[in-house]
There are 6 protein chains.
Amino acid sequence: MTRFPVPDFADLPEDLRERIEDETERAGFTPNIFSAMAYKPSHFRAFFAYHDALVDDTALEREEIEMIIVAVSGVNHCYYCNVAHGALARIYADDPLLADQLVANYRTADVNDAHRTMLDIAVKLTERPTEVEEDDLETLRAAGFSEEAIWDIAAVTSFFNLSNRMAMFADMRPNDEFHALGRE
Amino acid sequence: MTRFPVPDFADLPEDLRERIEDETERAGFTPNIFSAMAYKPSHFRAFFAYHDALVDDTALEREEIEMIIVAVSGVNHCYYCNVAHGALARIYADDPLLADQLVANYRTADVNDAHRTMLDIAVKLTERPTEVEEDDLETLRAAGFSEEAIWDIAAVTSFFNLSNRMAMFADMRPNDEFHALGRE
Amino acid sequence: MTRFPVPDFADLPEDLRERIEDETERAGFTPNIFSAMAYKPSHFRAFFAYHDALVDDTALEREEIEMIIVAVSGVNHCYYCNVAHGALARIYADDPLLADQLVANYRTADVNDAHRTMLDIAVKLTERPTEVEEDDLETLRAAGFSEEAIWDIAAVTSFFNLSNRMAMFADMRPNDEFHALGRE
Amino acid sequence: MTRFPVPDFADLPEDLRERIEDETERAGFTPNIFSAMAYKPSHFRAFFAYHDALVDDTALEREEIEMIIVAVSGVNHCYYCNVAHGALARIYADDPLLADQLVANYRTADVNDAHRTMLDIAVKLTERPTEVEEDDLETLRAAGFSEEAIWDIAAVTSFFNLSNRMAMFADMRPNDEFHALGRE
Amino acid sequence: MTRFPVPDFADLPEDLRERIEDETERAGFTPNIFSAMAYKPSHFRAFFAYHDALVDDTALEREEIEMIIVAVSGVNHCYYCNVAHGALARIYADDPLLADQLVANYRTADVNDAHRTMLDIAVKLTERPTEVEEDDLETLRAAGFSEEAIWDIAAVTSFFNLSNRMAMFADMRPNDEFHALGRE
Amino acid sequence: MTRFPVPDFADLPEDLRERIEDETERAGFTPNIFSAMAYKPSHFRAFFAYHDALVDDTALEREEIEMIIVAVSGVNHCYYCNVAHGALARIYADDPLLADQLVANYRTADVNDAHRTMLDIAVKLTERPTEVEEDDLETLRAAGFSEEAIWDIAAVTSFFNLSNRMAMFADMRPNDEFHALGRE
């Protein structure tokens, strides 16, 4: 993050330090988003609590969540999220090519028809939200998504319209590790 | 909300019922966003916790927060947020005309130069986030905003890029009361 | 109007004074557009003669005309027309919520299917006129509009693409009264 | 005009017939806009009265008016106005190349600095009217335009945002003669 | 060309001089694109070799190629190509009106249904290439185009997205002769 | 390439086979663009001759050329070029992060001021070519680029506006190898 100071780990409240330690242990390095959001602890807590709700209480597969995130971040042109969630999309989908496809143009991604529909609506909600109408929900139902899954598609898309903007405003930079993860 | 069912109040978890009761007492009616987000309690909690962090731990005046929200919702064309936060903007700024100005075109709003700068950046981050650069932060500093206030401007803007999309996706409708509040 | 001087009423040609007196009597106040357009009497005459032709010799209901105006002004982001014609839309449609819906996103407005079609075409002619084709007229016919009504939809839309731009260029400001009219 | 019937000349009200006869005598042929607008006589009268006010009571040279019209019609992609007013621009400016430059990209037109400024603002008011601000009027003043001329630039621009849309909606087609006029 | 020097004919490599002499003999004047591209002989050779491949080895009629070029140049707003290829479109299609239609809005052009489809895809590939999908090729097949013709439509469109940009960047100006050619 | 057949290597003209063998030897695999363009040998020859002119006779460093290509392909959303030229950008610039930055948003790339200016103009010429003016060339001169280098920046940008469109139209897919090349 080049535009706000990253606080010293030692000076952080205990709950932030614990969360960061957990993430560091899991990933093998501290994803920069945790260091960056620690600039304001109340926002750190709110941001990751929302993120956790999206991935822990969901009718979607984690692979689907990461696909939405990378497609949305691709059209929003968010460097941090393209790269960090690109790595997660490669890992969760076990597909080394998927993230580069989603970043470039989700229409080129090798995904099934239901996932294509899911990404169509996620990108529409990102780029042209005024045009989302009942028909779009009907299309998602026809593709096999439950009511809760449809809500979750919107919720993930909406959250990353927040997340992309925070990352872009603060100029958050992905860890070097993310660029190569999941490409083997 | 026309596109997802609104759960019965009696069936909600206790913490949601308490929050809704508090809000109802404060406003004199239950703002529809609370009933709507209760469709998924984990998201209700995350959504309002983030909202509370933004308004409770901030370097901005509440009036400034509502100005940002209405300007952002205006360019995103969100009916719910234009009307509900339009009412709050009228009340907190004690100005019956401000919200209609911000909804139409924030450049027509009768605001001081610092607030104009604040809204310029909030709308830029909403519409053209790729183009936000260090210069924009410098402009905000020159207008008198502290580092924390600058972060908060981005955070409010980003959150309502989430909020607008959830409201538009679910077709949330503002309470009738909001249309007229603060116009006297 | 902040960008051109508003002439003194006493100095205006007699036909302008008469028109302004009539309007003032009808509304209970002088709508600012009359004072503003009086800057150039030949344009005042042409502007209101065109407006009168649109509302006096028409196959549309007045309520339909005001719906088109507010939807068009909403996408053009015209503060004056949103507010002044928003009041007229509320009054003619006898609906206190309609104008705020149309200003935000006409797709959220509680209107019947024929009116939705009418607004779809009016907004298309405003935003993407190159794409209007014979099919669009066929769609209007199928929705029950006569040939003359179809012409009139285009004529009202076109005139407010003029009117919005004059109001925005001169920074015309709606009378305070318009903000609240028709909301009871 | 392919989308509405053109009424028989003999069936028109006398004032329309007189106007059409005058125009035919002047041009050597009847410009199609007159036949087309005669579809609805009340609109014919309003349209040409407005047009006459713009060209008869103006602080601009006729050549400047036609330059604005062709630049505006170029960005709006109006076939009728590009061609019919392209001919007028060639004739009034006595320049066989000017109209093709203005239709393609007004920035390529061989015009003086004041006219370039005039066209910058006319195109801005056409494409991005929300962004027009006091600074734009100041720029026009600095380029030597009087207050009335500035109003007139806006008025001509606004009227052709009406006119382009009527011509495009009705699919008005320019007379063959206009394509070649003024090219020698 | 106003932004780079045009080299003296006498100083050019022999192959360029021969090509320019051939073109001059054919047209009766030297089209400015040849003088302009001679600024860098290696690019001159590559540019015209590509152009020649497109018009000499093709499943399209020359008239179709020029229609695509003018429609693409119209939406890209390229003064040089609008005018120079407008002349060629008039000549090859033997239609004095076609080029002005295509420059303004290809949807107004008097062309058959297959050519309309061809232009729809050419303009889509120009303006919204991310959205081109297999369905678009299917639409072209249904309109009667062979596989090679479909490839050629894309190739011509793509080349003029190059050509328009070179002409616009260097500010190439069409010869006066092109404006009037083929209008009789 | 999913939308046109890839011809058998054995059936290709000898000059194409030789070029493909050379490229295969150099890269260790046959970049798919060569197999794809072989669909039409005359276009293969023209395409690679133009490409060769751009990289062999140039005032730019190869690293600069690849930076322009990836920035242009990023805003055009071309999967093939993002990935294949992303690999080349990493290799020529000896920077494993550069391509992901350029694909996402060239403004986030760690490049010097002259290269930032170069990319600003390349992206402007790609997205808003009508707005390129003499001032942009002056800005490049001030950044230290020679006249020939400025021409070359435009030429590379223009060629990849061709190349991106051919790749997107034909749905060319990058070789798996490109995704990981140069990331170590």
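The values are calculated or read from the model by the stated rules, or taken from the named source; none is laboratory data. Predicted, not measured: the structure shown is a model, and the values here were computed from it. Positions of Cβ are generated from backbone atoms using ideal geometry, with glycine treated the same way; all protein chains shown enter the neighbour counts. These accessible areas exclude ligands, DNA and RNA; they are computed on the full protein's heavy atoms, side chains included. Shrake-Rupley method; radii C 1.70, N 1.55, O 1.52, S 1.80 Å.
Scanning the range B:47-69 for residues that are farther than 21 Å from A:A155 by Cα, assigned to a helix (DSSP H, G or I) and β-branched (V, I, T) yields B:V55, B:I65, B:I68.
Figure legend. Inter-residue proximity from the range A:154-174: first residues of a type in the set (S, T, Y), second residues open to solvent by less than 10 Å² (accessible area, probe 1.4 Å) and part of a loop (DSSP other than H, G, I, E, B), beta-carbon distance below 8 Å, spacing 6+ or different chains. Indicated pairs: A:S163/A:C78. Scan the range F:58-78 for residues that are open to solvent by 10 Å² or more (accessible area, probe 1.4 Å) and closer than 17 Å to A:H77 by Cβ and the total you get is 3. With the structure loaded, tell me whether E:M172 is assigned to a loop (DSSP other than H, G, I, E, B) and either in contact with a helix residue (DSSP H, G or I) (Cβ under 6 Å, 6 or more places away or on another chain) or open to solvent by 30 Å² or more (accessible area, probe 1.4 Å) (or both) or whether it fails that test. So E:M172 fits the description; yes. From the list A:A71, A:A149, A:A84, the lone residue that is more than 12 Å from chain F (Cβ to nearest Cβ) and either touching a helix residue (DSSP H, G or I) at 6+ places or on another chain (Cβ under 8 Å) or over 30 Å from A:F169 (Cβ atoms) (or both) is A:A149. Within the range D:1-28, being of a type outside the set (K, R), more than 18 Å from the chain's Cα centre (by Cα) and outside any helix (DSSP H, G or I) holds for D:T2, D:F4, D:P5, D:V6, D:P7, D:D8, D:L12, D:P13, D:G28.
Conditions tested, residue by residue: (1) of a type in the set (A, V, I, L, M); (2) more than 17 Å from the chain's Cα centre (by Cα); (3) part of a helix (DSSP H, G or I).
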residue	(1), (2), (3)
E:L125	yes, no, yes
E:L137	yes, yes, yes
E:G144	no, yes, no
E:W151	no, no, yes
E:F160	no, no, yes
E:R165	no, no, yes
E:G182	no, no, no
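With respect to (1) within 14 Å of chain C (Cβ to nearest Cβ); (2) open to solvent by 10 Å² or more (accessible area, probe 1.4 Å); (3) over 23 Å from A:A49 (Cβ atoms), the lone exception for B:Y92 is condition (1).
If the condition is being hydrophobic (A, V, I, L, M, F, W, C), open to solvent by 10 Å² or more (accessible area, probe 1.4 Å) and within 7 Å of another protein chain (Cβ to nearest Cβ), then the range E:95-120 contributes E:L97, E:V103.
Put simply, of A:A167, A:A143 the only residue that is more than 8 Å from chain B (Cβ to nearest Cβ) and either closer than 18 Å to A:T126 by Cβ or among the hydroxyl-bearing types (S, T, Y) (or both) is A:A167. If the condition is being among the polar types (S, T, N, Q) and either in a helix (DSSP H, G or I) or more than 20 Å from A:Y79 (Cβ to Cβ) (or both), then the range A:100-123 contributes A:Q101, A:T108, A:N112, A:T117. Only a single criterion out of (1) under 21 Å from A:C81 (Cα atoms); (2) out of contact with any Asp or Glu (no Cβ under 8 Å at 6 or more places or on another chain) is not satisfied by F:E66, namely (1). Residues in the range E:58-85 that are in contact with a Cys (Cβ under 8 Å, 6 or more places away or on another chain) and free of Cβ contacts under 8 Å to residues at least 40 places away in the same chain: E:V70 only. Of all residues in the range C:40-57, those that are without any contact (Cβ under 8 Å) to a residue 60 or more places away in the chain and open to solvent by less than 70 Å² (accessible area, probe 1.4 Å) total 12. Residue count for the range A:71-97 under the criterion of being more than 14 Å from A:R165 (Cα to Cα) and in a helix (DSSP H, G or I): the result is 12.
For the range E:121-135, filtered to residues that are open to solvent by 20 Å² or more (accessible area, probe 1.4 Å) and touching a helix residue (DSSP H, G or I) at 6+ places or on another chain (Cβ under 8 Å), the residue that is nearest to the other protein chains (Cβ to nearest Cβ) is E:T130. Residue count for the range D:86-108 under the criterion of being in contact with a Ser or Thr (Cβ under 7 Å, 6 or more places away or on another chain) and in contact (Cβ under 8 Å) with a residue 24 or more places away in the chain: the result is 1. Flag not set for A:I33, criterion: open to solvent by less than 40 Å² (accessible area, probe 1.4 Å), more than 14 Å from every other protein chain (Cβ to nearest Cβ), at pLDDT 95 or above and not in a loop (DSSP other than H, G, I, E, B).
F:T2 fulfils the conditions (1) within 17 Å of F:A167 (Cβ to Cβ); (2) modelled with pLDDT of 95 or more except for a single criterion, (2). Would you say E:L60 is more than 9 Å from every other protein chain (Cβ to nearest Cβ) and among the aliphatic types (A, V, I, L, M)? The answer is yes for E:L60.
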